[in-house]
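Notes for the one structure printed next.
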Amino acid sequence: MTMHAHIVGTGSAAPERVLTNQELEQIVDTSDDWIIRRTGIRERRISSTERPENTADLATAAARQALETAAIDPAELDMIAVGTVTPDRQFPSAGCMVQEALGANNAAAFDISAGCSGFLYAMSMVHNAIRCGAARKALVIGVERLSSVLNWEDRGTCVLLGDGAGAVVMVADPKEGGLLSTHLRSDGQFWELLYSYYGENHVPTILTSLDAKPFKLRMDGNRLFKKAISCLTEIALEGIEHNGMTPADIKLVVPHQANIRIIQGLVRNLNIPMEQVYTNVDLYGNTSSASIPIALDEAFRRGRLSPGDNVLLVSFGAGLTWASAVIQWSIPAELSGQESAVTAAAHAGLGLT
């Protein structure tokens, strides 16, 4: 019997500390107006050593919410796949740390490093495992603490990035639908457009509880911007056409939340109106592999998704890597519950409720 991989639960988590554009004006030579015009970002979340907000903590919190929605006990999981480039330790994996925290003793747990595409790469691995019978119930997580590797003296990057986690539970089901296909690409020739390098980080005075790692992020923003739009368009169309669809068949696009201008360029190429695109880059900034699952969880809990809807996920990140997935949504709207207090407060503060 052919099994299909269905998403049956979503969850997300974010640090308590909000870092606004106005506060960034105290750190580097920038302005709220410039950041909003160039990126669409108004604020982002920054983890603190004063609270349980390390990578495994955030991933576990998002996972618990997804498991609760799915009504699945952690002991039932066969697999935990975590997309991240900022694990708490080089080893063991963040996946194993989450496994221990959840008590998911029957799962195989591991990390995938694919930059901002990490969540979709992990989702593809789980999709294949379910399709071939190697797993029946699995947890897919995207989590990052990019604040720990930021060069806070580089105004071109420190204004863009934030911390957070998102998760989905996927199960095997003979019913058609669910995750219809995933599509992965990479090109190592362009690794120098976005990479990390060794270097002690300066910690701004207003972020004294920051957990700074001995690495910094470097980005060639102009070249990356152009490459991102073309690669995102290519991989999005590949996913749509693979499933015999046209862009008009897509009910909602949930893209990687890197920059509002990149998102606008993508949907313009796809001829999809912005009203059919879910964005929260204004509230979280770019959370790398966490951005799509956070946005997907919010879209579901805010009533933007119903069973049978065709959903397009698409990402682009360091490597370079890019990926897409097409989903036929499965979770009944009545299971969405209420959005998290963190999300509700953020939306209310920006007049989005």
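The values are calculated or read from the model by the stated rules, or taken from the named source; none is laboratory data. None of these values were measured; they are calculated from a predicted model. So basically every Cβ, Gly included, is an ideal-geometry build from the backbone, and we count neighbours across all protein chains shown.
Quick notes on this structure:
- Helices (runs of 4 or more DSSP H) contained entirely in the stretch 9-123, each with at least 1 residues that are in contact (Cβ under 8 Å) with a residue 40 or more places away in the chain, closer than 12 Å to A165 by Cβ and charged (D, E, K, R): 55-70
- Restricting attention to the stretch 254-304, the residues being among the aliphatic types (A, V, I, L, M), crowded, with 24+ Cβ neighbours inside 10 Å and outside any helix (DSSP H, G or I) number 2.
- Within the stretch 57-75, the presence of a residue that is modelled with pLDDT under 95, acidic (D, E) and out of contact with any helix residue (DSSP H, G or I) (no Cβ under 7 Å at 6 or more places or on another chain) is excluded.
- Any hit, the stretch 274-294, residues being touching an Asp or Glu at 6+ places or on another chain (Cβ under 7 Å) and charged (D, E, K, R): no
- Near pairs, Cβ below 7 angstrom, 6+ apart or cross-chain, from the stretch 187-215 (more than 21 Å from R155 (Cβ to Cβ)) to any residue that is assigned to a helix (DSSP H, G or I) and of a type in the set (S, T, N, Q): D211/S148
- Scanning the stretch 180-232 for residues that are among the hydrophobic types (A, V, I, L, M, F, W, C) and either surrounded by fewer than 16 Cβ atoms within 10 Å (Cβ to Cβ) or part of a helix (DSSP H, G or I) (or both) gives F190, W191, L193, V203, I206, L207, L224, F225, A228, I229, C231, L232.
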